[in-house]
Amino acid sequence: MALDDSLLKVARSWLENQSKLTTIASNMRNSLPKSHEFLEGELIQKMNPTRVSGSFCAIDGGIACEEFHGLDVAAFRSVSACFTYENSKLVKTAYFPSSHPPLEISAHSALGQFEKMRFLSLVRLESELECALNSLNKFSPDFLILDGSIAPLIDDKPPSDSELVSLYDNLISIYKNLYSSCEQKNCSLLGITKDSRGRRFSDILCVADSSSSSVLSACHDTVFLDHLLQKGERTTAFRYSGSPHKNPVFKDLGEYSQKILTFYLKPVEHDRPLRVEFLSNHHSFSQIADSISALSAINPSYAYPAVLIEADLRAALEPNEVESQIQTLVSKVGGKNPILKLRRNSRPFR
């Protein structure tokens, strides 16, 4: 099959699937299926993103890895941006540890390729959570927002014989400390995912509306919800995990595994819905949704909270600063046992 024919086949398949999703969404808006998983009763909830007041701290991190012979070196940093609003007007900004903190370095040897990816994820998460805890104590915000999930992913948990077990165990302790501290300070902990690949809500809808299961079972939540939700709407809240006692990571989180909830919201017309995770405590579902929707409606084609955009920009790593730190590390070793580049990165010919 020629390349053009292959591309045409993929395009036709995509358009056919989108047409099916549009039809399913239209039918679902009319029938409004029910499920015991819907924590607010109705599938679709209206939002009221009125003027925002309060303080919002957002945490994001950047990480890069340089591979050497027998050594993986991670360069990273995490930044918290704290925005305070009065009647939707930004009146104060602050940062932790600063608006542009220096890089940190961590290294590990003898890791396999998959373990290396897990190592980088654990290092990044630990850095971001420590930054979140420090920001919570320093600023006492109304909302503490993480970039991504508010819980580790299953892939973050190493096997029992891994060298990374102690790093993971420490991370779980930090998560529990963060949850507890947010509860004590009446701060809502949120996690917002830029490009979610979650499918749990689609799975819930497959059960609620079995006639659509053949299409929805192979669909990411945000792909379908972009057809279902209109601007200013969100889904009902639902539990992050339907069986937290069977989830190996959620079992490690103990009592908090039952308190992690999720919904999707659509703040603007021309962008996809946002996935919002939150720890059920101080603010109501509507207060969380309305606040995040208002903060995310800054551009009709891009829905994301301004404070998280700021944290992302501050945490971004520049290639030259990473290279500078790596070269400094290499120069400090030198001697008869230098840190060697991988063979594929050091061949004398092309």
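Considering only segment 265-316, state which residues are outside any loop (DSSP other than H, G, I, E, B), in contact with a Lys or Arg (Cβ under 7 Å, 6 or more places away or on another chain) and not charged (D, E, K, R). Let's see the steps before the verdict.
Taking segment 265-316 first, the residues outside any loop (DSSP other than H, G, I, E, B) are 265-266, 274-279, 285-296, 299, 302, 306-315.
If we keep only those that are in contact with a Lys or Arg (Cβ under 7 Å, 6 or more places away or on another chain) as well, we get 265-266, 279, 289, 315.
Selection gives Leu265, Leu279, Ala289, Ala315.
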Scan segment 232-246 and report the pairs whose first residue is at positive phi and in contact (Cβ under 8 Å) with a residue 60 or more places away in the chain and whose second residue is of a type outside the set (D, E, K, R) and outside any loop (DSSP other than H, G, I, E, B), with Cβ atoms within less than 8 Å and a gap of 6+ or a chain change.
-> Gly232/Ser293
Working only within segment 261-314, note down all residues that are touching a residue at least 60 places away in the same chain (Cβ under 8 Å) and among the small types (Gly, Ala, Ser).
-> Ser286, Ala289, Ser291, Ser293, Ala294, Ala297, Ala306, Ala311
When you look at Ser127, is it of a type in the set (Gly, Ala, Ser), more than 19 Å from Ala306 (Cα to Cα), surrounded by 21 or more Cβ atoms within 10 Å (Cβ to Cβ) and touching a residue at least 40 places away in the same chain (Cβ under 8 Å), yes or no?
-> yes
Within segment 141-163, track down each residue that is buried (at least 20 other Cβ atoms within 10 Å of the Cβ) and either of a type in the set (Val, Ile, Thr) or at positive phi (or both).
-> Ile145, Ile150
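With respect to Lys138, determine if the residue is touching an Asp or Glu at 6+ places or on another chain (Cβ under 7 Å), in contact (Cβ under 8 Å) with a residue 12 or more places away in the chain and surrounded by fewer than 18 Cβ atoms within 10 Å (Cβ to Cβ). Give the derivation first.
Numbers: touching an Asp or Glu at 6+ places or on another chain (Cβ under 7 Å): no; in contact (Cβ under 8 Å) with a residue 12 or more places away in the chain: yes; surrounded by fewer than 18 Cβ atoms within 10 Å (Cβ to Cβ): yes.
The answer is no for Lys138.
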For residues that are in contact (Cβ under 8 Å) with a residue 24 or more places away in the chain and either basic (Lys, Arg) or surrounded by fewer than 16 Cβ atoms within 10 Å (Cβ to Cβ) (or both), scanning just segment 106-116, find the one that is nearest to Ile172 (Cα to Cα).
-> Lys116
Among Arg12, Arg29, Arg51, the single one that is at pLDDT below 90 and not hydrophobic (A, V, I, L, M, F, W, C) is Arg51
Limited to segment 1-35, what total is found for residues that are free of Cβ contacts under 8 Å to residues at least 40 places away in the same chain and either outside any helix (DSSP H, G or I) or touching a strand residue (DSSP E or B) at 6+ places or on another chain (Cβ under 6 Å) (or both)?
-> 3
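If we scan segment 135-144, do we find a residue that is assigned to a helix (DSSP H, G or I) and out of contact with any strand residue (DSSP E or B) (no Cβ under 8 Å at 6 or more places or on another chain)? Working first, answer last.
We begin by selecting, within segment 135-144, every residue assigned to a helix (DSSP H, G or I); these are 135-139.
This time we only want the ones that are out of contact with any strand residue (DSSP E or B) (no Cβ under 8 Å at 6 or more places or on another chain), so: 137.
The answer is yes, given that some residue of segment 135-144 is assigned to a helix (DSSP H, G or I) and out of contact with any strand residue (DSSP E or B) (no Cβ under 8 Å at 6 or more places or on another chain).
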So, of the residues in segment 146-187 that are among the aliphatic types (A, V, I, L, M) and part of a helix (DSSP H, G or I), which turns out to be farthest from Ile292 (Cα to Cα)?
-> Val165
Sort out which residues of segment 193-229 are without any contact (Cβ under 8 Å) to a residue 40 or more places away in the chain and either crowded, with 18+ Cβ neighbours inside 10 Å or not in a helix (DSSP H, G or I) (or both), and write them in order of number.
-> Asp195, Arg197, Arg199, Ser202, Cys206, Ser217, Ala218, His220
Selection status of Asn299, over 30 Å from Trp14 (Cα atoms) and modelled with pLDDT under 95 = no
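The values are calculated or read from the model by the stated rules, or taken from the named source; none is laboratory data. Quantities reported herein were computed from a predicted structural model and do not represent experimental measurements. Don't worry about glycine lacking a Cβ; one is built from the backbone with ideal geometry, like all the others, and counts go over all protein chains shown.
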